[in-house]
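As structure tokens, the structure follows; a few thoughts come after it.
Read the figures in this text as sums done on the coordinates, not as results from a lab. Owing to the predicted nature of the structure, the values given are computational and were not obtained by experimental measurement. In this analysis, Cβ positions are derived from the backbone assuming ideal geometry, glycine residues included, and neighbour counts consider all displayed protein chains.
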Amino acid sequence: MTQDAIRINGLKKTYEGGKQALKGIDLSVPAGSIFGLLGPNGAGKSTLINILAGLVTKTHGKVQIWGWDQDENPRQSRAAIGVMPQELNLDPFFTPRGALEVQAGLYGVPKSQRRTADILEMVGLSDKAEAYARTLSGGMRRRLLLAKALVHHPQVLVLDEPTAGVDIELRQMLWRNVRRLNEERGMTIILTTHYLEEAEEMCDEIAIINHGELVAHDTKTNLLGQITAKTMVITPDSAPASLPDQPGITVEQRRDGTLAFTYNASDTSAEQVLDLAKTTGLTIRDVRTEQADLQEVFLSLTSSR
Ligand code: ADP
Ligand code: MG
């Protein structure tokens, strides 16, 4: 199946009061993928996700979920998506079992098709099935939110900062569950996180938004290709007459007289860079390397304004 799980066109959101949180986003999420939505605080990630969830109304644009247009087929598009929100909004007077039953009722899941016990088991809340939500720890509440997102068996699961501020054990449990849902049920997963290593480990595709605009969208492999950008800084004995030139290697003369050779480590070797420097007649006094990491690439894409 080469369908898009989500298709977004020209999506804009201006909140009451005038804050323009989304400035025209075009984005598709392939079915069956684990998709990472990254961006600094205030970028518009939750706004986008809450629009998908039907919790925030868009100002402009088109949203399709599992092929269903949100405006033309609101019921079907809503049934295709489950959202674990960033906020811990749980009714304190419900037990986990009660909360799941109510949620199933809201989505019109017939009693015979409810899998309440299985879902509680999956998120490790079986022994808390009858405890009041207000007595649950923060981690348990998060797991309950995940469980609630799953009651209507959605094709697309969206997790908004699921691991922000949770301990390592819960983080691992969440990721195990997410992987299983993706691998065993082919569920499409969209998650936001600001742990870049997490996105690197989990996601097939990554989109980065900043100030309500999409600044990057690519497969993880391609983004990691950017991340292998390396810089070798050479201090020459004397200033070169002209800068060396070779496809795949960018050379820049810095103010301190050093030459910065930037190249992609996946297709150019350090030796090729040194060779280029030598063939230009440079006498090398000193060499050091600067390595870009995911953090840097992320910052270079999001810190320009
Ligand atoms: P993120 O999830 O990427 O941190 P948000 O989508 O929560 O970003 O917020 C994007 C921008 O919209 C921020 O400037 C935020 O202050 C603003 N915003 C979010 N929710 C509201 C709201 N309900 N009313 C007004 N402004 C909001
Ligand atoms: Mg957010």
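Odds and ends about this structure:
- Ranked by the mean number of other Cβ atoms within 10 Å of their residues, highest first, the peptides 182-190, 206-214 fall in the order 206-214, 182-190.
- Fraction of the pair-distance distribution of region 4-224 above 26 Å, Cα-Cα pairs, percent: 34 percent
- Within-15-Å neighbourhood charge of residue 273 [Cβ basis; K, R +1; D, E -1]: -4
- The packing ranking, built from the mean of other Cβ atoms within 10 Å per residue, places the peptides 276-282, 12-18, 112-118 in the order 276-282, 112-118, 12-18, highest first.
- Dipole size of the chain about its Cα centre, with +1 on Lys/Arg Cβ and -1 on Asp/Glu Cβ: approximately 1180 debye, rounded to the nearest 20.
- If you take all other residues with their beta carbon under 15 Å from the beta carbon of residue 54, and give Lys and Arg +1 and Asp and Glu -1, the sum is +2.
- Percent of beta bridges antiparallel (DSSP, region 4-224, rounded to nearest 5): 55 percent
- Computed per residue of the chain from DSSP H runs no shorter than four, each worth -39500 (n - 2.57), the mean residue ellipticity at 222 nm is -9000 deg cm²/dmol.
- Sum of side-chain charges, residue 71 neighbourhood, beta-carbon under 12 Å (Lys, Arg +1; Asp, Glu -1): +2
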